[in-house]
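Inspection log for the structure reproduced underneath, given as structure tokens.
The values are calculated or read from the model by the stated rules, or taken from the named source; none is laboratory data. Since the structure is predicted, the reported quantities are computational estimates derived from the model, not experimental observations. Positions of Cβ are generated from backbone atoms using ideal geometry, with glycine treated the same way; all protein chains shown enter the neighbour counts.
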Amino acid sequence: MIRKTRLFTPGPTPLLPAAQFAMAAADIHHRTPEFRALYTRVLAQLKEFVGTKNDVIILSSGGTGAMEASVSNLTSPGDRVLVLTAGKFGERWSGITKAFGCHVDVVEAPYGSTFTLDQVKAALKLETRAVFVQATESSTGVRHDIEGIAKLLKAENSEALLIVDAITGLGTTHLDMDGWGVDVFIGGSQKAVMIPPGLAYIAISQRAWDRMEATYNPRYYFDLRKERKNAAKGESAYTPSVALIAALGASLDYIAGQAEGNLAEGRKKLVDNAETCAAMTRAAAEAMGLKLFAPKGYEAAAATAILAPEGTDSGVIVKGLKSKFAAIVTDGQGEMKGSLFRIAHIGFFDYMDTIAIIGALEQVAIAAKLPLPNFEFGKGLIAAQKLFAAHAK
């Protein structure tokens, strides 16, 4: 039997064919009217995709570059900030804020869980200048309560900016930047917009732009004010990734095309698709006798984290899926390596892909003789089919 490589990873994600064609044809110079027209259109589309009236900036970097930019532009050395962490990417916020000389308070929840609003409230101080958090912690498959955090900051009359790493959250979770009062949303190209790594985008509130005028951490390439000024003219401050921007435009066109040209509705359909695929996967895993890592009610739609059966290294499942079916899923990160595996649902995934990975997982479970009492072929697939049928009504 031939093997066709398929990514089921939370980034990079499968590439949209139309975006690949756009990259191949992107033979234009970045200081020309042709590129300015493309760039202006893509920036406007990104505002619709994020769901905001705020300015959106594109950086030629990975998502971590945008995380660093949000810290360097919005804090000064000695500023007190609050980091909310429950996984590897929350820990990244801690590392970046400390690197820029912030005084960092941390609310830390164990991997596989989330923090409570009471914990956040207790850690919030009058002098807290910014709160940093993930919308989705893709290392654990857990979703955080961004709306609740935003409401808490308002209720406390806090001057702290709310800065959200939504790199895996955008396109997999219904988020409302303007309605909730979030100051920064960060996205990445290798996630829901279905193109290769190399672009990050940041939606920034007017409150955050105003804060930049009073901060003095060093910044040069990641000077967001410089990017905003140039974006108003249809240009980037420095040489952009032209091919990726062309690909991004094609991807956003595709998402809009899922809703007869309405990009905001297309985004909702993209999120609903991820939610359905994730729910199918969770139902299948539990029907097989596997345990989910995320707590009920906080499971992310970006990726489903599944614990390996007791006494089993999750690497056996990861390697089994790759060797038998060329299906690429990810092991746990950090302290969870060997304990769980993650199946993603971001971007260019659909019902057919979900059924395929569940069927492949059943095959690996039998071949690897996983200790799953009463499991037999079809249990996971039947559960997924029933859930899809219920959601499709």
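If you go through region 356-377 and pick out every residue that is free of Cβ contacts under 8 Å to residues at least 60 places away in the same chain and of a type in the set (A, V, I, L, M), you end up with 5. Among residues of region 329-344 that are among the hydroxyl-bearing types (Ser, Thr, Tyr), those with a beta-carbon under 7 Å from a residue that is assigned to a strand (DSSP E or B) and at pLDDT 95 or above at least six positions away or on a different chain give the pairs Thr330/Phe341; Thr330/Arg342; Ser339/Leu307.
Taken over region 152-179, the criterion of being in a loop (DSSP other than H, G, I, E, B) and more than 14 Å from the chain's Cα centre (by Cα) is satisfied by Glu156, Asn157, Ser158, Glu159, Ala160, Asp176.
If the condition is being among the charged types (D, E, K, R) and either surrounded by fewer than 24 Cβ atoms within 10 Å (Cβ to Cβ) or in the same structural domain as Ala294 (by TED's automatic domain parsing) (or both), then region 144-178 contributes Asp145, Glu147, Lys151, Lys154, Glu156, Glu159, Asp176, Asp178. Going by the structure shown, is Ala305 part of a strand (DSSP E or B), crowded, with 20+ Cβ neighbours inside 10 Å and touching a residue at least 24 places away in the same chain (Cβ under 8 Å)? Judged against the criteria, Ala305 is a match.
Do we have Ala86 as surrounded by fewer than 20 Cβ atoms within 10 Å (Cβ to Cβ), in the same structural domain as Glu213 (by TED's automatic domain parsing), among the hydrophobic types (A, V, I, L, M, F, W, C) and over 20 Å from Asp183 (Cα atoms) here? The answer is no for Ala86.
Among the candidates Glu235, Glu286, Glu260, the residue that is within 30 Å of Ala384 (Cα to Cα) and out of contact with any strand residue (DSSP E or B) (no Cβ under 9 Å at 6 or more places or on another chain) is uniquely Glu260. For region 205-234, what are the residues that are out of contact with any helix residue (DSSP H, G or I) (no Cβ under 7 Å at 6 or more places or on another chain), closer than 28 Å to Ala19 by Cβ and touching a residue at least 40 places away in the same chain (Cβ under 8 Å)? Hits for region 205-234 are Glu227, Arg228, Lys233.
Does region 180-210 hold any residues that are outside any loop (DSSP other than H, G, I, E, B) and touching a strand residue (DSSP E or B) at 6+ places or on another chain (Cβ under 6 Å), and which are they? Spell out how you get there, then give the answer.
Kept after step one, since they are outside any loop (DSSP other than H, G, I, E, B), are these residues of region 180-210: 180, 184-188, 200-204, 206-210.
Residues satisfying the conditions are Val184, Phe185, Ile186, Gly187, Gly188, Ala200, Tyr201, Ile202, Ala203, Ile204, Ala208.
Which residues, taken from region 86-107, are more than 13 Å from Thr140 (Cβ to Cβ) and either part of a strand (DSSP E or B) or modelled with pLDDT under 95 (or both)?
Narrowing region 86-107 to residues more than 13 Å from Thr140 (Cβ to Cβ): 92-107.
Hits for region 86-107 are His103, Val104, Asp105, Val106, Val107.
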